[in-house]
Amino acid sequence: MADIVDHPEAYFRQLVPERDALLQVLEAEAKAEEIPIVGPVVGGLLLVLSRATRAQNILELGTATGYSAICLGRGCEPNGGRVLTLEYDGNLAKRAWKNIARANLSETVSVLEADVFEMLPELTGPYDFVFMDIEKKDYLAALGHLEAIVQPGGLLIADNTGFKDAETFNQAMFTSAVWQSVQLFSYLPMHSGIYDGLCFAVRL
Ligand SMILES: C[S@@+](CC[C@H](N)C(=O)[O-])C[C@H]1O[C@@H](n2cnc3c(N)ncnc32)[C@H](O)[C@@H]1O
């Protein structure tokens, strides 16, 4: 039987993707101000998946300072994709807008200062990729809106499903006839919760 590497956490910690100066600044700010961003591992995952799926119309729920939106923008830009990201905190939305401009992604990523629950009924999509990262207790309510605007075959990724507040969402996904989903509980260095769940789902 093949052996797993010794000290797997230290091993995978050294394999965290390299980041440019902008993302490193956002990571330092997030640490200093306790802003819960996805960090380099989930950020790298978002870039890989948005690139590999050739996502054209991405919706992000919960922007903060724009770290994950930049990762999504970098992933979809080569294929002409677009990102709409929603943030209800005006100060954070402004910071995200500036950071996205610094990343030269203003043509690709739009930040909308708005409450997700005011905007979702207005959005028609269709979206082929959604990243959900708002209050975990609100995931289930958001899911109800997403069914209508995510196209069949579209990908939904929900962060922090290891949090107790995501329990109602997790149960709904587990029994859903609309979404085919899988949960991963992972070691995620530099993530807000270095052990956490991620839900991946495809709209049937
Ligand atoms: C975990 S942070 C997002 C982090 C970001 N996705 C990243 O990794 O860079 C969650 C953000 O969602 C925002 N938020 C929470 N509930 C919201 C809602 N109902 N509408 C809009 N924004 C919301 C919060 O203000 C916060 O900035």
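Among the numbered conditions (1) more than 14 Å from the chain's Cα centre (by Cα); (2) of a type in the set (V, I, T); (3) under 20 Å from S192 (Cβ atoms), the only one that T108 does not meet is (3). Do the conditions hold for N57, that is, is it among the polar types (S, T, N, Q) and farther than 27 Å from V150 by Cβ? The answer is no for N57.
Of the residues making up the stretch 6-57, those that are among the β-branched types (V, I, T) and in a loop (DSSP other than H, G, I, E, B) are V16, I35, I37, V38, T53. One residue is enough: does the stretch 8-22 have a residue meeting the conditions within 21 Å of L198 (Cα to Cα), within 13 Å of the ligand (Cβ to nearest atom) and touching a residue at least 12 places away in the same chain (Cβ under 8 Å)? No: zero hits. Residue check: is E60 in contact (Cβ under 8 Å) with a residue 60 or more places away in the chain and in a helix (DSSP H, G or I)? Criteria not met by E60. On inspection, E87 does not qualify as over 18 Å from the mean Cα position of the chain (by Cα) and acidic (D, E). In the stretch 111-137, of all residues being assigned to a helix (DSSP H, G or I) and crowded, with 18+ Cβ neighbours inside 10 Å, the one that is nearest to the ligand (Cβ to nearest atom) corresponds to V116. Residues of the stretch 83-110 that are surrounded by fewer than 18 Cβ atoms within 10 Å (Cβ to Cβ) and either modelled with pLDDT under 95 or of a type outside the set (A, V, I, L, M, F, W, C) (or both): Y88, D89, G90, N91, K94, K98, R102, N104, S106, E107, S110. For the residues V5, V48, V41, the requirement of being within 12 Å of the ligand (Cβ to nearest atom) and modelled with pLDDT of 95 or more singles out V41.
The values are calculated or read from the model by the stated rules, or taken from the named source; none is laboratory data. Quantities reported herein were computed from a predicted structural model and do not represent experimental measurements. Every residue, glycine among them, receives a Cβ derived from its backbone with ideal geometry; neighbour counts consider all protein chains shown.
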